[in-house]
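Here is the structure we will look at.
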Amino acid sequence: MTLLPGCRFAVAPHFHLPGDWSSRLLIGAGIAEADGGFIPRSSWRPPTAAELSVLVEPPPLANLEDVGCLFLLPQHLRAEWWQWLERTHESNKAGAQSAQAPFSNLAQRIGEFLAFKQLAVPDGARWDAVISDPMQLLTPWCLDGRRFGGLRCSVAPWASWAVTAEPPCPCLWGGINLGEEPTSLVVINLPLAKLAAECRRRFPERPTPATAGELAERFLSDCPDYAPVRLLLGAGEGVRLPRGGMILAGYPGGKAEPEMVLLISRGTN
Amino acid sequence: MLAGPLELLVLQPTPFCNIDCSYCYLPNRQSTHRMSREVLDQTLRWVFASGLARVPFVLLWHAGEPLVLPVGFYEMADDLLLRHNEIGLPVLQSFQTNATLLNADWCRFFQRPNVHLGVSVDGPGFLHDRCRRTRQGQGTLDRVLRGIELLHEHGIPFQVITVLTAESLDYPDELFDFYQAHRISSVAFNVEEIEGPHTASSLQRAGTAERFRRFVQRFLSLALAADPPLQVREFEQAAASLLSARRHGPDTRTQENKPWAIVNVDCAGNFSTYSPELLGLTSPRHGSFALGNVATHSLPAVLNAPAFLALEAEIGQGVDLCRAQCRHFPFCGGGSPGNKFFENGTFASTETLCCRLHKKVCLDVTLELLESHTAQAAVERERALT
Ligand code: SF4
């Protein structure tokens, strides 16, 4: 079906990213059920001009909070990640757990960088470096990677999807591709309220689910023809998700190296 | 008046530049005139006969792209310098180039001693190619990077000068990455100034001072933490002036407003003093800022000429105002007459966009860094003792 207007993407202000949107976005062919979860059908095509206009927020950016903002980590911070990984590997080999350099130092420096760029990470955010097997179809971009099973909502599954006011319910703030290979993210380009509206439109007689997790599942099973969108993230590129959350999952898509992402969540402490 | 001593001799081998930067202040950069052997000979004779050359000085080839002329021109200049510099004063020759014309011949020339090279590059393509373009509007970064690679291959040290525009202030990390990626170990920042035909700067926008401060803070924190640290002229000059002001007291004028500390000579032999940007320009009140020609005017004649005396009086007033009004004066020395004139319409004035950003912010941030470093060192000393 035609993409509905919903969440859009833009390059965050004060960032410069290479490439244009038509080479960064791909459109899927719908959603399938597998192993009790939901996955995108494995067929992708470039977006049409009309789809690009639905997916890309043109400058000047008015309401940043509702836009998926792309950014790029500088090389010196990416190099620090690899140094940290190497040091940790060495100290693990030596069995000296206590000698590990704290990951919080790197997280703090990334936080300072993003704050300088006026894309500040919320206070008390949780930082998780997640390394996954690139042979998996999907990798977790959600709060609880251990219970990962396909496309998931970026908001805590038990939270009410309608809650947007303070304090924010636990949700994924964004993530960064820490690998040196491009990776991608599969998203449903609709905010939670629009998922609910689409479910109601299709099945008006059924009650709307109360929680974000149930709503995401309902949408994915009720709207299998809805086209997921694949967003390519180059090395060091990240995305700050729209405030209201969205359905998404990592999609390594044939990478050779392990998938490495830094997931930043808010409201989890 | 005891003029000088000469600290900086700026010679214009040609006003021509092979590229066309949007913020350039050179009014005649299309002109393909060249300094003749005769004018160069007269210039060097004039300089050494004037009595201004009493201490080692820098000869800067600038005010046009110096590499437009062949290597042979500078070899000839070397010979003439040797002939006129009878007292054997150390002279450092400095070239400020856009690096697009560098080749192996130039690299061999730059391998000689007493040569300093400055390369103008504004960072990654999205910054550099916005302003530094050819006359056909094409970016020049690729050619500059080829030049930089050649310098590395020939083992020639160089310093980079980057012009900061409003756009650049959002990108300290990207600039730092750029310098690291291209093995650039020494950097100087100029700000996009209002000078001559360049009558407006992107840095005039509201809120720039705070953005500039954040930029300097962030860039210096990255540069000083690098291994080895990246040399940043603004930090080193600010730190040096903070320390030397304490030792020598607050009354010194700075090079640009000290009469005859700088001598600027254009390709036709016309000369001026004070800010190099003034040469070649006129004002209704002062007439031409060129005070004479090396072929026809001796220094004593110019020193008593009304044009120079009026200029010196007005510039002196500006320095006195700075001394009276500005807490940064002991470390600044009263700023650039050129900037004051272009921005405020008179030399008898104080603050400019350039000094607000380039001087005051850099001094303040450097002082903060030095103080926090001292405080941290004291804590560490205390900890070591207990
Ligand atoms: S910082 Fe500006 S106002 Fe202060 S002394 Fe220097 S030129 Fe004058």
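Some points to look at:
- Taking the listed residues B:VAL302, B:VAL361, B:VAL365, B:VAL379, the one that is more than 14 Å from chain A (Cβ to nearest Cβ), within 12 Å of the ligand (Cβ to nearest atom), of a type outside the set (Ser, Thr, Tyr) and assigned to a helix (DSSP H, G or I) is B:VAL361, with no other qualifying.
- Applying the criterion of being among the hydroxyl-bearing types (Ser, Thr, Tyr) and outside any loop (DSSP other than H, G, I, E, B) to the residues of segment A:1-55, the residue that is farthest from B:PHE178 (Cα to Cα) is A:SER53.
- Subset of segment B:55-73 [closer than 20 Å to B:PHE271 by Cβ and either modelled with pLDDT of 95 or more or in a helix (DSSP H, G or I) (or both)]: B:VAL55, B:PHE57, B:VAL58, B:LEU59, B:LEU60, B:TRP61, B:PRO66, B:LEU69, B:PHE73
- The residue that is nearest to the other protein chains (Cβ to nearest Cβ), counting only those in segment B:182-208 that are hydrophobic (A, V, I, L, M, F, W, C) and open to solvent by 50 Å² or more (accessible area, probe 1.4 Å), is B:ALA206.
- The condition of being within 14 Å of chain B (Cβ to nearest Cβ), of a type in the set (A, V, I, L, M, F, W, C), touching a helix residue (DSSP H, G or I) at 6+ places or on another chain (Cβ under 9 Å) and open to solvent by less than 30 Å² (accessible area, probe 1.4 Å) holds for only one of A:PHE15, A:PHE9, A:PHE38, that being A:PHE15.
Per-residue answers, yes or no, for (1) in contact with a Pro (Cβ under 6 Å, 6 or more places away or on another chain); (2) crowded, with 17+ Cβ neighbours inside 10 Å; (3) farther than 30 Å from B:LEU224 by Cβ:
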{"position": "B:GLY269", "(1), (2), (3)": "no, yes, yes"}
{"position": "B:ALA295", "(1), (2), (3)": "no, no, yes"}
{"position": "B:ALA310", "(1), (2), (3)": "no, no, yes"}
{"position": "B:GLY318", "(1), (2), (3)": "no, yes, yes"}
{"position": "B:ALA324", "(1), (2), (3)": "no, no, yes"}
{"position": "B:VAL365", "(1), (2), (3)": "no, yes, no"}
{"position": "B:ALA378", "(1), (2), (3)": "no, no, no"}
{"position": "B:ARG381", "(1), (2), (3)": "no, no, no"}
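- In segment B:117-131, the residues that are open to solvent by 20 Å² or more (accessible area, probe 1.4 Å) form Cβ pairs under 6 Å with partners that are part of a helix (DSSP H, G or I), at six or more places apart or across chains, as follows: B:PRO124/B:GLU174; B:PRO124/B:PHE178; B:GLY125/B:LEU141; B:ASP129/B:LEU141.
- Residue match in segment A:234-256 (condition: in a loop (DSSP other than H, G, I, E, B), more than 14 Å from the chain's Cα centre (by Cα) and farther than 24 Å from A:ILE27 by Cα): no
- Within segment B:145-176, the set of residues being in contact with a His (Cβ under 7 Å, 6 or more places away or on another chain) and either assigned to a strand (DSSP E or B) or more than 14 Å from chain A (Cβ to nearest Cβ) (or both) comprises B:LEU145, B:ILE148.
- Scanning segment B:327-350 for residues that are farther than 16 Å from B:SER275 by Cα and either open to solvent by 30 Å² or more (accessible area, probe 1.4 Å) or more than 6 Å from the ligand (Cβ to nearest atom) (or both) gives B:ARG327, B:PRO330, B:PHE331.
The values are calculated or read from the model by the stated rules, or taken from the named source; none is laboratory data. Predicted model, so just to flag it, every value in this text is computed and none were measured. Cβ coordinates were reconstructed from backbone atoms using ideal geometry, including for glycine residues, and neighbour counts include every protein chain displayed. Surface accessibility is based on the protein's heavy atoms, side chains included, excluding ligands, DNA and RNA. Shrake-Rupley method; radii C 1.70, N 1.55, O 1.52, S 1.80 Å.
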